[in-house]
Amino acid sequence: TLVTAGIYLLIRFNMLLIDMFFFKFLLLLSGLTMFMAGMSANYEFDLKKIIALSTLSQLGLMMSILSMGLPELAFFHLLTHAMFKALLFMCAGVIIHMMNDNQDIRFMGGISLYIPMTSLCLNISNLALCGIPFLAGFYSKDLILEMVSMSNLNMLIFFLYYFSTGLTMFYTIRLLMYLMINDYNLFSIYNLYDEDYIMLKSMFLLLFMSLITGSFLMWMIFNYPYMIYLSFNMKMMVIYVSLIGLIMGYLISNMSIYSLNKFLMTYNL
């Protein structure tokens with residue numbers, strides 16, 4: 001609510017702002033915000049900071065699609081993003097609490113052995129954030145990127161959109177590798193108990209919502225379907241970018257025993 005208040009205000013006031021020069025400036029600025037937040041999340045080792053930077057990236061996506069003059073699409077993405085991001089924050093809070101208030105993802109690993117249900121919720125909400133087809137995030141994100149492809153925009157904005165989508169996949173796979181694939185590192189104090197069943201009740205509700213709410217809201221709130229006419233490669237561009245991001249995130253997070261992220265070697269650039 002607090003994060004998206006400005007987005008919602010601009011959605012409500014979009015009739016005042018339309019066809020202003022400010023909107024063109026806002027498109028560039030929010031595209032750069034998406035890019036910056038996605039790049040920052042790749043270098044981050046704090047669990048909450050990664051999720052907060054991914055929220056910032058999605059807010060940049062909402063602002064940029066709003067500044068292209070499609071406010072109901074921005075509102076649709078805001079609602080679907082609210083579902084899985086709330087679930088993601090709840091799962092991260094459970095994990096941080098079970099790790100004895102330790103937030104560093106290098107100290108975690110193999111969580112799926114100890115808290116499988118929480119890891120399931122975390123992974124599904126993360127993949128919905130990536131835009132895996134037929135989860136919630138796919139409907140809004142795919143429609144946004146296809147509307148960008150339909151629009152008469154220059155190469156920079158196009159590159160920023162698609163590259164930021166690839167970066168979303170990138171830091172999600174990195175987070176998944178750090179949390180799930182490794183063995184438990186035993187760096188922090190061993191405080192993993194079974195499951196937080198009080199949290200799981202609401203987490204399963206949000207899990208259900210982050211599965212169905214994309215298609216449901218798309219059926220509910222658009223009174224006029226968007227006409228999208230693209231070639232096959234342009235239509236599949238979202239899938240291509242997601243696959244490239246998945247492969248890159250997997251290759252870079254192939255970790256040594258000290259959990260050195262290979263991507264950090266490019267940090268001085």
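The values are calculated or read from the model by the stated rules, or taken from the named source; none is laboratory data. Nothing here was measured: the structure is a model prediction, and the numbers come from that model. Glycine also receives a Cβ, built like all others from the backbone with ideal geometry; neighbour counts cover every protein chain displayed. Only protein heavy atoms, including side chains, enter the accessible area calculation; ligands, DNA and RNA are left aside. Shrake-Rupley method; radii C 1.70, N 1.55, O 1.52, S 1.80 Å.
Things worth noting here:
- Residue in segment 103-118 that is on the phi > 0 side of the Ramachandran plot, at pLDDT below 90 and open to solvent by less than 10 Å² (accessible area, probe 1.4 Å) present: yes
- Positions within segment 27-36 being surrounded by 19 or more Cβ atoms within 10 Å (Cβ to Cβ) and in contact (Cβ under 8 Å) with a residue 40 or more places away in the chain, in sequence order: Leu27, Gly31, Met34
- Any hit, segment 8-15, residues being at pLDDT 90 or above and not hydrophobic (A, V, I, L, M, F, W, C): yes
- Test for Phe76: is it surrounded by 21 or more Cβ atoms within 10 Å (Cβ to Cβ), in contact (Cβ under 8 Å) with a residue 24 or more places away in the chain and part of a helix (DSSP H, G or I): yes
- Test for Met227: is it modelled with pLDDT of 85 or more, out of contact with any helix residue (DSSP H, G or I) (no Cβ under 6 Å at 6 or more places or on another chain), loosely packed, with under 12 Cβ neighbours inside 10 Å and not in a loop (DSSP other than H, G, I, E, B): no
- Of the residues making up segment 237-269, just one is among the β-branched types (Val, Ile, Thr), under 15 Å from Tyr171 (Cα atoms), at pLDDT 85 or above and open to solvent by less than 70 Å² (accessible area, probe 1.4 Å), namely Val241.
- Lone unmet requirement of (1) open to solvent by 50 Å² or more (accessible area, probe 1.4 Å); (2) under 26 Å from Ile247 (Cα atoms) for Ser164: (1)
- Selection count, segment 119-143, where residues are surrounded by fewer than 21 Cβ atoms within 10 Å (Cβ to Cβ), polar (S, T, N, Q) and within 21 Å of Gly38 (Cβ to Cβ): 1
Each row is one residue, and each column tells you yes or no for (1) assigned to a loop (DSSP other than H, G, I, E, B); (2) over 13 Å from the mean Cα position of the chain (by Cα); (3) closer than 14 Å to Gly137 by Cα.
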| position | (1), (2), (3) |
| --- | --- |
| Met39 | no, no, no |
| Glu44 | yes, yes, no |
| Ile50 | no, no, no |
| Leu56 | no, no, no |
| Gly60 | no, no, no |
| Ile65 | no, yes, no |
| Thr80 | no, no, yes |
| Ala92 | no, yes, no |
| Ile95 | no, yes, no |
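- Count of residues meeting criterion [touching a strand residue (DSSP E or B) at 6+ places or on another chain (Cβ under 6 Å) and charged (D, E, K, R)] in segment 87-126: 0
- Count - residues of segment 43-60 that are open to solvent by 10 Å² or more (accessible area, probe 1.4 Å) and either out of contact with any Gly (no Cβ under 9 Å at 6 or more places or on another chain) or more than 16 Å from Ile173 (Cα to Cα) (or both): 9
- Taken as a whole, the structure places Met20 among residues that are open to solvent by 40 Å² or more (accessible area, probe 1.4 Å) and without any contact (Cβ under 8 Å) to a residue 60 or more places away in the chain.
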